[in-house]
1. List A:Tyr11, B:Tyr127 from most exposed to least, where exposure is judged by having the fewest other Cβ atoms within 10 Å.
2. How would you classify the range A:106-160 from its alpha-carbon gyration tensor, with a ≥ b ≥ c the square roots of the eigenvalues: rounded for a/c under 1.5, else prolate if a/b is greater than b/c, otherwise oblate?
3. Quick one: what do you get for the range B:77-117 if you divide its Cα Rg by 2.2 N^0.38 Å?
4. How far apart, in nm, are the 7 Å Cα→Cβ label points at B:Ala48 and B:Ala206?
5. Starting from the Cα gyration tensor of chain B, multiply each eigenvalue by 5, take the square root, and state the resulting semi-axes largest first in whole Å.
6. Could you give the DSSP H helices of chain B that reach 24 angstrom or more along their long axis (alpha carbon positions) and whose average Kyte-Doolittle hydropathy is no lower than -1.0?
7. What is the spin-label model distance, in nm, from B:Glu91 to A:Ile185 if the labels are put 7 Å beyond Cα along the C-beta direction?
8. Give the dimensionless ratio obtained when the Cα radius of gyration of the range B:3-64 is divided by 2.2 N^0.38 Å.
Amino acid sequence: MTLNVSNLTCYRAGRLIFSDQNFTIDPGETVMLRGPNGSGKSTLLRALAGMQPFEGDVILNGVTLADDLDGVQEQIAYAGHLDAIKPQLTVGENLTFWAQLFEGGSISDAIEQFALEEIWDRPAHACSAGQKRRLGLARLVVSGRVLWLLDEPTVSLDTETTARFAQIIKTHCAGGGMAMIATHIDLGLDTPREIVLDPSAMRKSTPSRDPFLSGDWE
Amino acid sequence: MNATFAVLTRELRLALRSGGGAGLGLAFFLIVVMLIPFGVGPFPSLLAQIAPGTLWIAALLACLLSLDRLFQADFEDGTLDILALSPMPLEGLVAIKATAHWLTTGLPLVIAAPVLGITLNLPSNAYWWLVISLAVGTPALSFLGAIGAALTVGIRRGGLLLSLLVLPLYIPTLIFGARTVTAAVEGVDVMPAFLLLAGVTLLTLALTPIAAAAALRMHMR
């Protein structure tokens, strides 16, 4: 259970976002992804989840992303900026659906860890942003996946829930899981490794590779 | 199987709850067909003659109404990303979503069609074939529409573009569907047209999930 990333390079709309990222995540390890706005944190996470074209090698647990997309994707849980919650359904219906679809982790664990019991029967459109975020993150637990890719997971969470969420990540990693977290705050995890994306290095590097955009477009 | 059932029930729930738009297609179908006698005039024989084509065209347009939200709602709230990571293959997901669309849009049209046949003075010997041809033909409309919905998923107000993409693909279903009913009215053999209609539907059910899933992957990459 190891994630190996070598020479990862991403372009968006022909513009270089970051290049030659090399890192490894071992079982039980949490890695923080740092960098200013626009440095490519979200792009990197989406690339690892197979939802963004990239160059380089991503190997998760012996499976190469470029060769076997499904084989890698079935080990990944992703939580992005959007909560992927249907406002017409209740909190319970939303979470039960994901649990039935992924057939991975325990739904009762998720309910307890994210304190969803009190809002279980509430329609999701009547939930606050923080409650929706809790429901969205609970999906990580019911998915039962090894590698968690988290993009600003603590946005709109209160301090108590943030601390509890940090504890959930610790529990996940203590069980052999891995997590990669793009965030600007200090989650209070014990000395996690950091990967820093530096956009200033990119600005002066190679021009756009899009044949339509290269040249004197800018 | 559990996951298939979970996706299907969820799609039906979303369609039937507020804002799902399940009733829209049916209401549109009713109103369009009701308007025809006002526009054409009170000539029973003329209405009977145009009834099969009118009912089929109205069903076609009614199906289009709710298609643009088939994948767009999931795309906008991030659900599509999570579904792509789920154990269910995208092809299966497309097939289930198109099935749910048919159950909430196509099936009500099939049930309402005989009532509208009366308002258009459709000869009584053609009622069964109207219902059967719609029941067999409308699944193709939902599944073909899934291709258009997948192609326009990232586009704001993609509904019109979707209509332009999808309506030409509906032509074979329209021809054989309307021809089945007309043949029943005329009292000639309905089977040639009906079997071709069923063939088009079977081909559509087999191929469109693959095409629509490929279009969705393209948007996510």
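1. The order, fewest Cβ neighbours first, is B:Tyr127, A:Tyr11.
2. Because a/c hits 1.5 or more and a/b fails to exceed b/c, the range A:106-160 counts as oblate.
3. Against the compact-globule rule of thumb, the ratio is 1.67.
4. Result: 4.0 nm between the two label points.
5. 33, 18, 15
6. Helix filter hits for chain B: B:22-40, B:44-65, B:127-151, B:191-220.
7. 4.4 nm
8. 1.55
Every number here is computed from the coordinates shown, using simple stated rules; none is lab data. Owing to the predicted nature of the structure, the values given are computational and were not obtained by experimental measurement. Cβ: placed from backbone, ideal geometry, glycine included. Neighbour counts: every protein chain shown.
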